[in-house]
Amino acid sequence: MARAHRVAIIGAGPAGLFAAQALTARDDTVEVDIYDRLPTPYGLLRYGVAPDHTGIKRVAETLAAVFESRRVRFIGMVELGRDVTREELCAGYDAVVYALGASADAHLDVAGEELVGSLSAREFVAWYDGHPDAAPVELAGVREAVVVGVGNVAVDVARVLLKPVAELADTDMPDPVLGELDADRVTDVWVVGRRGPRQTAFTAVELRELANLAEVEVTVDGATDEELSDDEGLDRRTRTVVTILREAAARTVTAPRARLHFLFWHRVWRIDGDTEVASVRLERTEPGTDHRLRGTEHYRDLPAQLVLRAIGYRGRRLPGLPFDPVRGVIPNVEGRVTDAHGTVQPGEYVAGWIKRGATGVIGTNKSDAVQTVTHLLTDLAATEPRDLTDVPAQLAARGKQVADFAAWLRVDAAERDRGEAQGRIRTKVATWRELTEVVTVADLDWVI
Ligand code: NAP
């Protein structure tokens, strides 16, 4: 009898888990090993989705079902390039799916970007979501913040800055984060777009939530009345976004506790301060030729002690793998990895942001994974089986400590216990030291 196919998925975020779900649903013998650098599964659901978006976070509960299959194993604390190579994976599995997301930041490339208080939204999100690699963020003294970019990540970080901490207290945010958010109240947040309200990347639900925060006054500046007018010619999302902005700006808020300013047609010229951010100089922009932006040499300074650039994420180059530096993805055709010349690399696939770039909501990864898995299974059906090595056994022989699903369940239980003691559903275990303490008692029997 032919042996079962073995597939490795690298990255236990939504893309990787949707791929595992599609694989096990379509092939009832396939064996799947899901590797992750962290001892915890769920990737962006755990470390990217905002803590107060509990509905989206609950997708993790659905995805957890994939680990109930005896044919699926979680192998955490294994990093591609550090602990295992591309060649080892290809020798150990019939197919490898890279689902590593987009963990690098886009930069503004302006003077002052390196000042203390100038961060990427990714760093800020990692901090409030309790990622073990995150550096602590100090908000004491931050009264005014500038968020650069007009997409959903900008909405998330602006909302976390503006929400009363009492409304975040029942989330899974680590205690030091809640303490910091409570330490000093931010009074003004500017969300700055280099183009107009009709060119934003917001989705309506997310923008509506931000624009309707209690006791927050909203202003919309830099756009013309025409740009903010109702226009039947606009697509539905854009029309709704413009309506939300217009209505929020028209609303009177008596005795606001904070202000949210949308400022359009401005780009960051430089960030000023000695060692810490003190203000941001913006240049007024206007549409140029060929859909390009043009600077107008009209400048405006905003006082700010925090600048968050929410201008998109990019994939990282992975050791030994082809990479498209322009798009920040592994080159591929519908999920089949190719080299730089477009030649398909047999047995290697991609899913999620490393496949298509950092676009789309969590659910987008489901259909994306199905496309990849469909090609993978078609290719496997047409491929002669070959002898495979045993990668987990190789890791064990090297003394590599891994975290299995039982180890994650211990972290999960520890977080729930901690939360329960405070009347919350969960409080994140947010440092490597604490995580590894919980993980180290992992039962490694199955890898030997
Ligand atoms: P995004 O949607 O691509 O938005 C990036 C924004 O940054 C755009 O407004 C873009 O403006 C601007 N930008 C890019 N380069 C810039 C520069 N040099 N200077 C000034 N502005 C610049 O990216 P994102 O907000 O990081 O979100 C990534 C994906 O995750 C999106 O698909 C988003 O919907 C999704 N997401 C969803 C949720 C949710 O559903 N709750 C939450 C967070 C993220 P231009 O258009 O002018 O380039």
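Find out how many positive minus negative residues lie around Ala111, taking Lys and Arg as positive, Asp and Glu as negative, among other residues whose Cβ is under 15 Å from that of Ala111. With Lys, Arg at +1 and Asp, Glu at -1, the neighbours total -4. For the range 85-97, backbone phi angles converted through the Karplus equation (6.51, -1.76, 1.60; θ = phi - 60°) give residue-by-residue couplings of 9, 4, 5, 4, 5, 5, 7, x, 9, 5, 8, 10, 10 Hz, Gly and Pro being listed as x. Here the range 107-311 carries DSSP beta bridges of which approximately 35% are antiparallel, counting only pairs with both residues inside. Close amide H pairs (under 5 Å, H built 1.01 Å from N) link Gln345 with Val337, Thr338, Asp339, residues at least 5 positions away or on another chain. The Cα-based radius of gyration and maximum Cα-Cα distance (Dmax) for the chain are 23.4, 75 Å.
Packing, taken as the mean count of other beta carbons within 10 Å per residue, orders the peptides 419-427, 33-41 from highest to lowest as 33-41, 419-427. When only alpha carbons are used to place a centre, the range 51-66 and the range 181-212 end up 24 Å from one another.
Amide H contacts under 5 Å for Asp272: Ala278, Ser279, Val280, Arg281, restricted to partners 5 or more places along the chain or on a different chain, H placed in the peptide plane at 1.01 Å from N.
Think of it as helices only: each DSSP H run of n ≥ 4 in the chain is worth -39500 (n - 2.57), and spread over all residues that comes to -9000 deg cm²/dmol at 222 nm. Here the Karplus curve 6.51 cos²θ - 1.76 cosθ + 1.60, taken at θ = phi - 60°, turns the phi angles of the range 34-41 into couplings of 10, 9, 8, 5, 8, x, 10, x Hz, with x standing for Gly and Pro. For Lys428, a cut-off of 21 angstrom between C-alpha atoms picks up these lysines, skipping any fewer than 8 places away in its own chain: Lys57, Lys163. So how tilted is helix 152-162 from the main axis of the chain? Cα-based, degrees 0 to 90, rounded to 10. On a 0 to 90 degree scale, this one is about 60.
The charge dipole of the chain, taken about its Cα centre with unit charges on the Cβ of Lys, Arg, Asp and Glu (plus for the first two, minus for the last two), comes to roughly 540 debye. One Cα centroid belongs to the range 353-411, the other to the range 229-259; the line between them spans 43 Å. Over all pairs of different C-alpha atoms in the range 107-311, the reciprocal of the mean inverse distance, the Kirkwood hydrodynamic radius, equals 17.4 Å. Springs join every pair of Cα atoms under 10 Å in this Gaussian network model of the chain, and among Ser118, Ser229, Ser279 the largest mean-square fluctuation is at Ser229. Dividing the mean sequence gap of close Cα pairs (under 8 Å, 6+ apart) by how many residues the chain holds gives a relative contact order of 22 percent.
Throughout, read-outs are computed from the coordinates displayed, never taken from laboratory work. Remember, predicted model here, so these are calculated numbers, not experimental data. FYI the Cβ positions are ideal-geometry reconstructions off the backbone, even for glycines, and counts take in every protein chain you see.
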